[in-house]
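Worksheet for the structure shown next.
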């Protein structure tokens, strides 16, 4: 028996309707935004999701460094362990993104184990990857390795429980909203805890996959991992998992608080993505106008845009984004640096560029405006 999908309250349905409206608005925004603008945004949102997952698991790699690693940059100042975890998760996320419209798709135990190998294979065989665990396991209290927060089901129960979960993923609660089903997929998998390690990442990845298969938005616009990775939200995430799931496997508890927590996450993450799209579009427009009045080539706006939003840009990323030769990219960056719009930081191999002293101050001020997220459950 799995944890059961709860009935939604009137307030839950209202919040879910608002999330649907936000997501539909985002879908139209993305369609109407030039592809050149959204390509970088997709990469950034993917990087933020990976960085959020890293944070939850205790790996400290900020989203800008994640973007650099995704882009293949070698001279990124992160530890070998952080780099390995980041790249493994990026590979898994890339595969999940590719499955959003795969024909003849079906969930299976093999699929879940393959995704687990992508995430955890670099730890094998010290920590078994791609196979169910073979012994009992427990989850410690966050920050207290001597205290047990949760005892997972016995290893001999895993084949049956995972059979049941896979059947439910393919056939169960199909009338429920996809966001609710995705949250329940996450909850059941993390409570079954079928692997010796990596269960949290796998459960969040499965949630993203279920959402992606719903087809409203591309996966990079759908993941709530960036939201979950914020310190206060991470703490509440662990708290609600413990409160709703209990101290041991017991699928008879009320899962309504878990669904409410996820509806809040969906709502605020959608707000955040909308803000980022608006801010990115405004930045493109303002920088394009600035370039027209100051004799800057339109393609160089790409470098300025990255510097404004991410706080830095690398020559190699600009070169790939604009499909330039190495020489042309070097000349463009040098010209922007000589104009005072960019400023070099670091040595030759690890060098990147930040906004220079003559970067238009009003553009930087606009992109640095904070966003205040609304709590849809707060009357």
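Which condition does residue 149 not pass, out of (1) more than 24 Å from residue 6 (Cβ to Cβ); (2) touching a strand residue (DSSP E or B) at 6+ places or on another chain (Cβ under 9 Å), if it passes all the others?
Evaluating residue 149 over (1) more than 24 Å from residue 6 (Cβ to Cβ); (2) touching a strand residue (DSSP E or B) at 6+ places or on another chain (Cβ under 9 Å) leaves (1) as the failure.
Checking residue 240 against (1) crowded, with 21+ Cβ neighbours inside 10 Å; (2) at pLDDT 95 or above, only one condition comes out false. Which one?
Answer for residue 240: the failing condition is (1).
For (1) assigned by TED's automatic domain parsing to the domain that holds residue 351; (2) buried (at least 21 other Cβ atoms within 10 Å of the Cβ), each residue gets a yes or a no:
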{"site": "281", "(1), (2)": "no, no"}
{"site": "286", "(1), (2)": "no, no"}
{"site": "289", "(1), (2)": "no, no"}
{"site": "301", "(1), (2)": "yes, yes"}
{"site": "319", "(1), (2)": "yes, no"}
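Say whether the condition of being in a helix (DSSP H, G or I), at pLDDT 90 or above and more than 23 Å from the chain's Cα centre (by Cα) is met by at least one residue in the stretch 125-147.
Within the stretch 125-147, the first condition is being in a helix (DSSP H, G or I), and the residues that meet it are none.
Scanning the stretch 125-147, I find no residue that is in a helix (DSSP H, G or I), at pLDDT 90 or above and more than 23 Å from the chain's Cα centre (by Cα), so the answer is no.
Mind telling me which of the residues 164, 225 ends up being crowded, with 24+ Cβ neighbours inside 10 Å and touching a residue at least 40 places away in the same chain (Cβ under 8 Å)? Explain how you work it out, then say what you get.
Numbers: 164 fails: crowded, with 24+ Cβ neighbours inside 10 Å.
It is 225.
Could you tell me whether any residue of the stretch 163-172 is in a helix (DSSP H, G or I) and either outside the structural domain of residue 224 (by TED's automatic domain parsing) or under 22 Å from the mean Cα position of the chain (by Cα) (or both)?
Yes, the stretch 163-172 has at least one match.
List every residue pair whose Cβ atoms lie under 8 Å apart, where the two residues are 6 or more positions apart in sequence or sit on different chains, the first residue falls within the stretch 110-125 and is without any contact (Cβ under 8 Å) to a residue 12 or more places away in the chain, and the second residue, located anywhere, is surrounded by fewer than 22 Cβ atoms within 10 Å (Cβ to Cβ) and not in a helix (DSSP H, G or I).
Sorted first by the residue in the stretch 110-125, then by its partner, the pairs are 124/130.
With the condition being touching a strand residue (DSSP E or B) at 6+ places or on another chain (Cβ under 8 Å), I'd like the helices (runs of 4 or more DSSP H) fully within the stretch 185-271 carrying at least 1 qualifying residues. Before the answer, list the steps.
Numbers: elements: 199-214, 225-228, 231-245.
The qualifying helices (runs of 4 or more DSSP H) are 231-245.
Would you please name the residue that is nearest to residue 66 (Cα to Cα), looking only at residues in the stretch 81-109 that are exposed (fewer than 14 other Cβ atoms within 10 Å of the Cβ) and touching a residue at least 60 places away in the same chain (Cβ under 8 Å)?
So the residue we want is 101.
Could you tell me whether any residue of the stretch 177-185 is closer than 17 Å to residue 239 by Cα and assigned by TED's automatic domain parsing to the domain that holds residue 261? Before the answer, list the steps.
Narrowing the stretch 177-185 to residues closer than 17 Å to residue 239 by Cα: 183-184.
Of the ones still in play, those that are also assigned by TED's automatic domain parsing to the domain that holds residue 261 are 183-184.
Yes - at least one qualifying residue is present in the stretch 177-185.
Right, residue 291: at pLDDT 95 or above and in a helix (DSSP H, G or I) or not? Steps first, answer last, please.
Details: at pLDDT 95 or above: yes; in a helix (DSSP H, G or I): yes.
Yes; evaluated as a whole, the condition is true for this residue.
(1) in the same structural domain as residue 142 (by TED's automatic domain parsing); (2) over 23 Å from residue 270 (Cα atoms); (3) touching a helix residue (DSSP H, G or I) at 6+ places or on another chain (Cβ under 8 Å): which one isn't true of residue 100, the others all being true?
(2)
One residue is enough: does the stretch 13-24 have a residue meeting the conditions in contact (Cβ under 8 Å) with a residue 24 or more places away in the chain and within 23 Å of residue 198 (Cα to Cα)?
no
Please specify each residue of the stretch 35-71 satisfying the condition of being out of contact with any helix residue (DSSP H, G or I) (no Cβ under 8 Å at 6 or more places or on another chain) and in a loop (DSSP other than H, G, I, E, B).
58
Among the listed residues 78, 64, which satisfies the condition of being free of Cβ contacts under 8 Å to residues at least 40 places away in the same chain, within 18 Å of residue 351 (Cα to Cα) and assigned by TED's automatic domain parsing to the domain that holds residue 143?
Working: 64 fails: free of Cβ contacts under 8 Å to residues at least 40 places away in the same chain.
From the options 78, 64, the qualifying one is 78.
The values are calculated or read from the model by the stated rules, or taken from the named source; none is laboratory data. Just so we're clear, the structure is a prediction, and the values are computed from it rather than from any experiment. Using ideal geometry, Cβ is built from the backbone for each residue, glycine included, and neighbour counts are taken over all protein chains shown.
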